[in-house]
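Worksheet: one structure, shown below.
The values are calculated or read from the model by the stated rules, or taken from the named source; none is laboratory data. What you are looking at is a predicted structure, and each value in this text was computed from that prediction instead of being measured. In this analysis, Cβ positions are derived from the backbone assuming ideal geometry, glycine residues included, and neighbour counts consider all displayed protein chains.
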Amino acid sequence: MRAGIDDAPLDGGYDADIAVIVSSARASIISEPAAAFAARRTYPKRIRMQITLLCDVPRFLPAVAKALHETFWLTDPEASIERAIDRLSQRLNAHALPFTLVAHDRDTLLGTGSVLVNEVPEDTVQSAWLSAVWVDEAHRGRGVGAAIVDACCAHARRLGEPALLLMTADEREFYERRGWTVIDAIAEPTVVMRRNLRTESAV
């Protein structure tokens, strides 16, 4: 089971041409453009990215389901678009886990990420896991994935989560640059990583 970054390539900064606004119609995650999400880069096409709770933009549900189904869930013999939609429908929350965020430029889906509860079945204590982070291939390498990860962390912190966990096989260095630390090794090269949210400033 993979939980964590499923976006390649990734980088540690943000496209200067992406204005990040994380918003919710019912509970604002970030109420104005986040300057902390900017790093000087130049790309031929400007995009204005918003990161929004999926429950507030349900029109993206079919597209997100299709992307995750085709990227992560095809190995499940019972996988289908309908089942993917059903799984995502359980994440349409604003004030509790699990939740899903979508990055979009108006009606164009750029990427998505979720925070789930007890992603690993053996967990006996409730834990929050970053999962199913995906960025459309046309927009990779522009910091979209990094913005989604940080937005997931920020919203989980607002919901009172002290930390997030993830599993990754190939993005360890990316996460380490963003404040995650390895806490366990599953099977080479897969590791479990943790990010402490208590030490981070509220946005």
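A compact table of results
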{"quantity": "Test: residue in region 105-126 that is within 21 Å of R59 (Cβ to Cβ), in contact with a helix residue (DSSP H, G or I) (Cβ under 6 Å, 6 or more places away or on another chain), surrounded by fewer than 20 Cβ atoms within 10 Å (Cβ to Cβ) and not aromatic (F, W, Y)", "calculated": "no"}
{"quantity": "Qualifying residue in region 144-166 (condition: among the small types (G, A, S), at pLDDT below 95, crowded, with 24+ Cβ neighbours inside 10 Å and within 20 Å of E70 (Cβ to Cβ))", "calculated": "yes"}
{"quantity": "Lone unmet requirement of (1) part of a loop (DSSP other than H, G, I, E, B); (2) in contact with an Asp or Glu (Cβ under 8 Å, 6 or more places away or on another chain) for L109", "calculated": "(1)"}
{"quantity": "Yes/no for R83 being within 19 Å of L116 (Cβ to Cβ), outside any helix (DSSP H, G or I) and of a type in the set (D, E, K, R)", "calculated": "no"}
{"quantity": "Which listed residue is farther than 20 Å from L68 by Cβ, in contact (Cβ under 8 Å) with a residue 60 or more places away in the chain and not polar (S, T, N, Q), from R178, R172, R194", "calculated": "R178"}
{"quantity": "Positions within region 59-99 being touching a residue at least 40 places away in the same chain (Cβ under 8 Å) and β-branched (V, I, T), in sequence order", "calculated": "V64, T71"}
